[in-house]
Structure formats: structure tokens, C-alpha cells
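Working notes for the structure below.
Every number in this text was worked out from the coordinates using simple rules, so none of it is lab data. Only a predicted model underlies this, so the values are computations on that prediction, with no experimental measurement involved. Cβ: placed from backbone, ideal geometry, glycine included. Neighbour counts: every protein chain shown.
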Amino acid sequence: MDFELPEELAEVQKLAHDFAEKEIAPSAAQDDREHRFRKDLVGKMGELGFYGCLIPEEFGGNGLGFLAHTLVSEEIARVHSAIRVYVNMQAGPAVTLFEFGNEEQKEKYLPGLLSGQSIGLFAITEPDAGSDVASMKTSAKRDGQHYLLNGTKIWITNATVADAGVIFAYTDRSQKHRGISAFYADLSQPGLSRRDLDKLGAHASPTGELTFDNYAIPAERLIGQEGDGFKICMRHLNHTRLGCAAGAIGLARAAREAAVNYANQREQFGEKIGQFQMNQDLIAQMIVQEEAARLLVYRAASLADRGRPYNLEVSIAKYAAAEAAAFCADTALKIFGAYGYSTEFPVERYYRDAKSYQIVEGSVNIQKLIIAQDALGYRKANR
Ligand SMILES: Cc1cc2nc3c(=O)[nH]c(=O)nc-3n(C[C@H](O)[C@H](O)[C@H](O)COP(=O)(O)OP(=O)(O)OC[C@H]3O[C@@H](n4cnc5c(N)ncnc54)[C@H](O)[C@@H]3O)c2cc1C
């Protein structure tokens, strides 16, 4: 087993690292404070090919693969976790269109997503349907050359800024989850209202509600066949879960780096606070959680790159990474003391942003459920 990154991937990692330091870091605190969606950064990351790792060159991507996508996500999140979300909002819908869309859809919609010219989203969650995806109520009824969409999606990243996105809705409720379909909808037509939702963290990444009222989607925007939606949704979540897990290790790393730097500077009782064994204990725990999570995330990415099933491994990785992010942010805040609680330092932002990783792309409990049910033989994750 080789833990060294191949040269090509090390270059991608450096590119993302340097970009994040130069373009994202200087205004990270302000972007967070002012809840600024950085459309300019969406475009710049598109120009650098950050959304195209999962898409082959002939379809406009760079085909560098899942590990490259993971490295980019980690480097961006280390500097500003909320901006990392932009990567998943472009790359997620793009890979879903690539895997399940027809040739015309790929040709028409992939360029906008990959360049960042078309802001993307994916809408699964509803007011009464969170972890239980199949309990969604939104319906899409065929009406001639269109489907008429009715229902409300909530907690949707980019809801207020997206141009288009993957929307899941029932076309045939009698088929239970096999009656869900997926659409790549243009979001500029009449019949849609959008509302922003305020939240604890990730302020530079808008989250909101979409309400569809007889919203007409042309039939050619159906992805795959009617009834493919649940399968598409699970596959989509597998991919976005990986980017999310990578974001969580980036955030854990940022918190650990900040804590180590601070412990080497701050003095109390005539000594650097890093000299106190209780703080050393915290730093050691942060490092172990972060590094263990990183290996799990890279393993999942590497399996995906080899075309192997990785549902189980990505759930293990996402669980470990979300917990590492929350632990490291919480621990960094302890090491910083009052300065951690202050908005002058980024640690309070890490703390707020870290919580989202325990909820999104399948909560921590949902990952544990997948892992344990696989082990017990109730429901194999890699089917
Ligand atoms: C910042 C942010 C961005 C988001 N972006 C998007 C997006 O872009 N698109 C989108 O579709 N959704 C998005 N979501 C929604 C997110 O996917 C859901 O919040 C998530 O799936 C959990 O659903 P819920 O919040 O309704 O919690 P619920 O499903 O109501 O769960 C509540 C609690 O019960 C636990 N629980 C639920 N079921 C079980 C079970 N069977 N066993 C054990 N415990 C269980 C959960 O782990 C959780 O702790 C976003 C959410 C946030 C906070």
C-alpha cells in the first residue's frame, strides 16, 4: 500500500491549496459575517476545473477522479468550509447528469455546471421528509410535453441563487419509492417561489426553500426513466457524501492547525499553554481523529476511482470525518479559551460550520445505521 500521492494528484492538491489561500482566505471572515454568496469564486473554481474531476475529458471534465475531487474539497474547506459546498453543488448535479442523463442532456447542461456559469443545486429534502427520503410529497404530473411540479423543498443549498438543479418528485406514488423521478430543472420559469433560511453557520453558502406551484418542467428534462429517481438519489448522495466528508477533514485540519499555533504562542503561568499536558492530550486526540478520518475518506475515494462499490466505505468515512470535524472544532475552541469564543478568530466559525457535517448528506445516525445494518447482515450497503 502506497500512501504517497501520485505527482498529478499532488499538483491538483497544491493548486487548490494555493487558490484557497490566495482567493478565499483574505475575505473568509467577511464572507461569513456578511452571508455573502461568492458567485465570482464559483466561476473561478470552474475555470480551474475543480468541478470536473468526476467527468471524463470528452464531456468537458478533466477525469482526474474521486481522489482529486476529495483533495480539492479538503483544501477549500480548510480555508472556508462554506465555500467548499460550492464544489458539491456543481460537481454533484454534473456527475448525476453524466451517469444517468442522455447524450443531449449531457451536451446541453454539463458545460454550465462545470464552468460555474450555471449555479447548481439538488433538492431532495422537504418539510416532512428529511432522512426518510421516500416520504417526500412533491409530485410531478405529466401534462402533455411537460411535467407539472407541486410541492416544497426545504434546506436546499443554493435555493435562492441557483439557475438549475436536480429535483426529486413522485411521478407515481402507488409505486412507493420506485415512483420517484429525477428532473434537471431550469429554475427561471414562473410558478416557483424561493425563500432564504437563516442558520447557525456556513453563512457564505445560502440555504433556502423552493415552493413549486404547477411549475412546468419540459419532459425532456426527466433524467433516466420515470421511477429511476430513488436509485439516482442514492447514487448521487454517495458521491456528494464523499465531497462532504472531504470538507469535514479540511475543517478538522484547520481547527487542529489553529489550536497548535495558538498553543505555541499563548502563555499562562509563565509557560506556553502547549506545555500543559492536558492541552497536549487534546492536541493528540485531534490529530488522531483527523488523520484516521482522512485515511477513511481517501480509501473511499480510491475505491470509487477503481470502479468498486463504495457505499459502505463512504458512510464509514463520512461518519468519522463529521465527528472529527465537530471534535476538532470544539477542542480548538477549548484551547483558545475566550479567544476561541471571540469573533476575531476563525475558531468560532469552524465550530459553527462543523455542526453541518453531522446533518447533511445523511446524518451521523443514518451513516451509523448503514454501517451497523451491513455488519449485522440486515441490509448490505455495497449491493
Ligand atoms: C446547511 C444544510 C444544507 C443542506 N443542503 C441540502 C441540499 O442541498 N439538498 C437537500 O435535499 N437537503 C439539504 N439539507 C437537508 C439535509 O439533507 C437534512 O437536514 C438531513 O437529511 C436530515 O434530515 P432532517 O434535518 O429533516 O432530520 P430528520 O430526518 O428529521 O432527523 C432528525 C434526527 O433524527 C435522526 N434520525 C432520523 N431517522 C433516523 C433513524 N432511522 N434512525 C436513527 N436516527 C434517525 C437523525 O439522525 C437526526 O438526528 C441541508 C441541511 C443543512 C442543515
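For the range 124-163 versus the range 34-84, the inter-centroid distance based on Cα atoms is 26 Å. Helix 7-19 axis versus longest C-alpha principal axis of the chain: approximately 80°, rounded to the nearest ten. Scaled to the globular estimate 2.2 N^0.38 Å, the Cα spread of the range 59-159, given as radius of gyration, is 1.24. Of all aspartates and glutamates in the structure, those lying under 17 Å Cα to Cα from Lys355, and not within fewer than 8 positions of it along the same chain, are Asp32, Glu74, Asp198, Glu290, Glu323, Asp330. Cβ under 14 Å from Asp163's Cβ, Asp163 left aside: what net charge do those residues give with Lys, Arg +1 and Asp, Glu -1? Overall, the nearby charge balance is +3. Compute the helix-to-body angle for 66-79: its Cα long axis versus the longest principal axis of the chain, expressed 0 to 90° and rounded to tens. The helix 66-79 is inclined about 60 degrees to the chain.
Here the range 7-115 is treated as an ellipsoid with the same Cα gyration tensor; its semi-axes, largest first and in whole Å, are 24, 16, 10.
Under 16 Å from the Cα of Lys153, which lysines turn up, not counting those fewer than eight places away in the same chain? Result set, ordered by chain and number: Lys137. Dipole magnitude for the chain: about 1080 debye, using +1 per Lys or Arg Cβ and -1 per Asp or Glu Cβ, origin at the Cα centre. Here the range 122-229 is treated as a sphere whose radius is the Kirkwood value from Cα pairs; by Stokes-Einstein at 20 °C and 1.002 mPa s it diffuses with a coefficient of 155 µm²/s.
By its C-alpha gyration tensor, with a ≥ b ≥ c as the square roots of the eigenvalues, how is the range 231-376 shaped: rounded for a/c under 1.5, else prolate for a/b larger than b/c, else oblate? Because a/c hits 1.5 or more and a/b exceeds b/c, the range 231-376 counts as prolate.
In terms of its alpha-carbon gyration tensor, the chain comes out prolate; a/c meets the 1.5 threshold, and the first ratio a/b outweighs b/c.
Residues of the range 334-357 falling in the label zone of Gln275, defined by backbone nitrogen less than 19 Å from a point 7 Å along Cα to beta-carbon, are 335-337.
Extension gain, Ala29 to Gln175: 0.36 nm times the residue separation minus the Cα-Cα distance gives 47.8 nm.
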